[in-house]
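Here the structure is laid out as structure tokens; the discussion comes afterwards.
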Amino acid sequence: MKKALLFLLTLASFLDASAQTDFKVENNQWTVGILLPGVTYEGGIAENSTLTAELTFGFQYRESDFFEDGFGLYPIGRLQYRNYLNFDRRLRKGKRIDGNSGNYLAPTVAFQDGNAVVGDLDTETVFAFGVVYGIQRTAPKGFQFRLEAGPAYFKDDFESGFGLLLAAKIGWVLKSGRKNK
């Protein structure tokens, strides 16, 4: 977890140093998750594109007649290249795009450690590679929500296969690269 945090901070400083001001996306933006603790950094790398790194936690509960019952809170790391698709249309309609409010398509790489930080349910380490379609909205005061879904290839210690990569986040934007657009 310490290595992932160090990577996130290094990525943030690199993107902040090379940030452009003529992008439609935010130059850099920090978001803190409210329901499940976590932090997301989103840095602008092109007019409508960002590189996003996220460290968060996921919850799992299992009740079974055949396996151990229990719950666990697991660390999750994710990297995405987000390409926002509807900024021009939102601007034409008089809608806001600050806080990277828009819809996006994002190749995604995710990692979930199988050792529970809290709880007694240990599972396998999971890697996922896929593409998600996401909707992100940020209110003027910083409240943000995000929904994502898409196909992905999953691999753990024992098996692999295709499935759905799903995410629902509620959070608060701490720092944004610029105020209004």
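The values are calculated or read from the model by the stated rules, or taken from the named source; none is laboratory data. Please read these numbers as outputs of a predicted model, since none were measured by experiment. Heads up, the Cβs are rebuilt from the backbone with ideal geometry, glycines too, and the neighbour counts pull from every protein chain shown. Keep in mind that these areas ignore ligands, DNA and RNA; they rest on the heavy atoms of the full protein, side chains included. Shrake-Rupley method; radii C 1.70, N 1.55, O 1.52, S 1.80 Å.
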>> As an exercise: evaluate residue 77 against (1) assigned to a strand (DSSP E or B); (2) without any contact (Cβ under 8 Å) to a residue 60 or more places away in the chain and give the number of the one condition it does not meet.
In response: (2)
>> If residue 130 meets every condition in (1) at pLDDT 90 or above; (2) part of a loop (DSSP other than H, G, I, E, B); (3) among the small types (Gly, Ala, Ser) apart from one, which number is that one?
In response: (2)
> How many residues are within 21 Å of the chain's Cα centre (by Cα) and open to solvent by 80 Å² or more (accessible area, probe 1.4 Å) when one looks only at segment 81-94?
Replying inline: 2
> Which condition number does residue 115 fail, the rest of (1) within 21 Å of residue 34 (Cβ to Cβ); (2) without any contact (Cβ under 8 Å) to a residue 60 or more places away in the chain being met?
Replying inline: (1)
> How about segment 105-127: which of its residues are part of a strand (DSSP E or B), surrounded by fewer than 19 Cβ atoms within 10 Å (Cβ to Cβ) and not β-branched (Val, Ile, Thr)?
Replying inline: 105, 107, 111, 119, 127
> Restricted to segment 34-68, and to residues that are among the hydrophobic types (A, V, I, L, M, F, W, C) and assigned to a strand (DSSP E or B), which residue is farthest from residue 102 (Cα to Cα)?
Replying inline: 59
>> Checking residue 35 against (1) closer than 19 Å to residue 144 by Cβ; (2) buried (at least 17 other Cβ atoms within 10 Å of the Cβ), only one condition comes out false. Which one?
In response: (2)
> Which condition does residue 97 not pass, out of (1) in contact with a Gly (Cβ under 9 Å, 6 or more places away or on another chain); (2) of a type in the set (Val, Ile, Thr); (3) open to solvent by less than 30 Å² (accessible area, probe 1.4 Å), if it passes all the others?
Replying inline: (1)
> Which of the residues that make up segment 129-162 are within 19 Å of residue 62 (Cβ to Cβ) and either surrounded by 12 or more Cβ atoms within 10 Å (Cβ to Cβ) or under 12 Å from the mean Cα position of the chain (by Cα) (or both)?
Replying inline: 154, 156
>> Where the second residue is among the aromatic types (Phe, Trp, Tyr) and open to solvent by less than 50 Å² (accessible area, probe 1.4 Å) and the first is farther than 18 Å from residue 134 by Cα and lies in segment 52-70, which pairs have Cβ atoms under 7 Å and are six or more apart or on separate chains?
In response: 57/74; 58/74; 60/74
